[in-house]
Amino acid sequence: MPEFPNILLPAIPAFILLIALEVLYAYKTQRELYQITDAATSIALGIGNLLTGFVTKAVIAWVFFGLYQHRLFTLPYTAWWVIVIGIFADDFSYYWFHRLSHSIRWFWASHVVHHSSEKYNLAAALRQTWTGNATGCFLFWTWMPLVGFHPAVVMLLQSVSLLYQFWIHTESIQKMPRWFEAIMNTPSHHRVHHGTDLEYLDKNHAGIFIIWDKLFGTFQEEKQTPTYGLTKNVNTFHPVKVAFHEWIHLWNDVRRAPSWKQALQYITRAPGWSHDGRTQTTEQLRNSVKKLS
């Protein structure tokens, strides 16, 4: 059985160092990249994600190992080509998890935490959900152990993806070389993803490779500096409130729905959907603008 180290824990000192360097850069250039309470909230949410992960990842590993017992093939985890294919397989899974987390409110209730900061910096990369694993986000990766990727490899590649995505949460880097921008996810591409501008909403869901967005029609080039945060911001720095606010709103909408069908739609349809039209999805907002133009 392969044993891979937890690469996220050893990376924490590097995260802290890079955040400190970015703070220093912001001070030297007099740019308002950081707000103390906002950054503290992001870090607190990151710590909470690590703590909840000790339990939830154990359960996920148990599920993956159970599926692996029924695998179609046995892929040699020491082979370089398995790792290369695995990186693309993991990233493909991440793309669809991420895209559907923006179009199914059940998954959005966890993912919204990551978008809740109105600042875009390396600290915001640590602003992670406490509920994602427990509410089924790992299901998007269950096909990998079934086709023969060892569960330890799958979970290692998930951590590699998270490590990669740390550095793209910055305004300190404008553009990478053109060839890199064409293939890889970059700070420019990911800034678009965190924008609340209508043109930017629900775009650039990539993890490592931007090619998926280009293939599946969700790519958007960065044209102007985005407005960060949510279309309706949480207006709190309390980490517990940030972690659970959308679940509370979702429960209230389900509870007040006139029928069971509409209650289910609040869970399964896109964020912003409402039975009476009082709130709108991204698609509805775009259609409204088209009608006015």
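Throughout, read-outs are computed from the coordinates displayed, never taken from laboratory work. From a predicted model like this one, the values you see are computed outputs, not experimental measurements. Here the Cβ positions follow ideal geometry from the backbone for every residue, glycine too, while neighbour counts run over all protein chains shown.
Taking θ = phi - 60°, what integer Hz values does the Karplus form 6.51 cos²θ - 1.76 cosθ + 1.60 yield along segment 33-44, in sequence order, with x for Gly and Pro?
Taking θ as phi minus 60°, the curve returns 7, 10, 10, 4, 5, 5, 5, 4, 5, 4, 5, 4 Hz for segment 33-44.
I'd like to know which of Trp141, Phe180, Asn121 lies farthest towards the positive end of the charge dipole of segment 8-216, counting +1 on Cβ of Lys and Arg and -1 on Cβ of Asp and Glu.
Sorting the options by dipole projection puts first Trp141.
I'd like the distance separating the alpha-carbon centroids of segment 4-34 and segment 232-283, in whole Å.
Segment 4-34 and segment 232-283 have Cα centres separated by 33 Å.
Going by how many other beta carbons lie within 10 Å of each one, how would you line up Tyr94, Tyr27, fewest first?
So the residues, fewest neighbours to most, are Tyr27, Tyr94.
From the Cα trace of segment 185-228, what convex hull volume per residue do you get, rounded to a whole Å³?
58 Å³
I need two numbers for segment 1-155: Rg to one decimal and Dmax as a whole number, Cα atoms only, in Å.
Rg then Dmax for segment 1-155, in Å: 17.8, 57.
From the residues Gln220, Val234, Leu17, which one has its Cα farthest along the dipole of the chain in the positive direction, the dipole being from +1 and -1 charges on Cβ of Lys/Arg and Asp/Glu about the Cα centre?
It is Val234, whose Cα lies furthest towards the positive end.
Work out the FRET efficiency for Thr29 and Asp197 from their Cβ-Cβ distance, taking R0 = 30 Å, and round it to the nearest 0.05.
Efficiency for this residue pair is about 0.80.
Give me the Kirkwood hydrodynamic radius of segment 73-172 in Å, from all C-alpha pairs, to one decimal place?
That comes to 14.7 Å for segment 73-172.
For segment 194-293, which GluC sites (Glu not before Pro) are both in a DSSP coil and crowded by at most 15 other Cβ atoms within 10 Å?
Passing both the DSSP loop test and the Cβ count: Glu199, Glu221.
For segment 147-293, state what percent of all Cα-Cα pairs lands in each successive 5 Å bin, counting from 0 Å until the bin that includes the largest distance.
2, 8, 13, 15, 16, 16, 15, 10, 4, 1, 0
Order by neighbour count: Met184, Met155, Met144, fewest other Cβ atoms within 10 Å first, most last.
Met184, Met155, Met144
Roughly how many whole Å is it from the C-alpha centroid of segment 198-214 to that of segment 91-154?
If you average the Cα positions of each part, the centres end up 14 Å apart.
At 0.890 mPa s and 25 °C, plugging the Kirkwood radius over alpha-carbon pairs of the chain into Stokes-Einstein gives what diffusion coefficient in µm²/s?
In µm²/s, the coefficient is 121.
Looking only at segment 196-223, which residues have a backbone nitrogen under 19 Å from a spot 7 Å from the Cα of Leu72 in the C-beta direction?
none
Let me check against my output: what whole-number percent is the relative contact order of segment 8-216, with C-alpha pairs under 8 Å and at least 6 apart?
26 percent
Along each principal axis of its Cα atoms, how long is segment 126-232 end to end? Whole angstroms, biggest number first, please.
43, 36, 26
Collect residues whose amide H, placed 1.01 Å from N in the peptide plane, falls under 5 Å from the amide H of Met184; neighbours closer than 5 in sequence don't count.
Result for Met184 returns Ile210.
List the lysines whose Cα sits under 24 Å from the Cα of Lys223, skipping any in the same chain fewer than 8 residues away.
List returned: Lys119, Lys175, Lys203, Lys214, Lys232, Lys290, Lys291.
Calculate log10 I(q)/I(0) of segment 8-58 for q = 0.25, 0.30 Å⁻¹, where I(q) comes from the Debye formula with a single equal point scatterer on each Cα and nothing for solvent.
-1.00, -1.15
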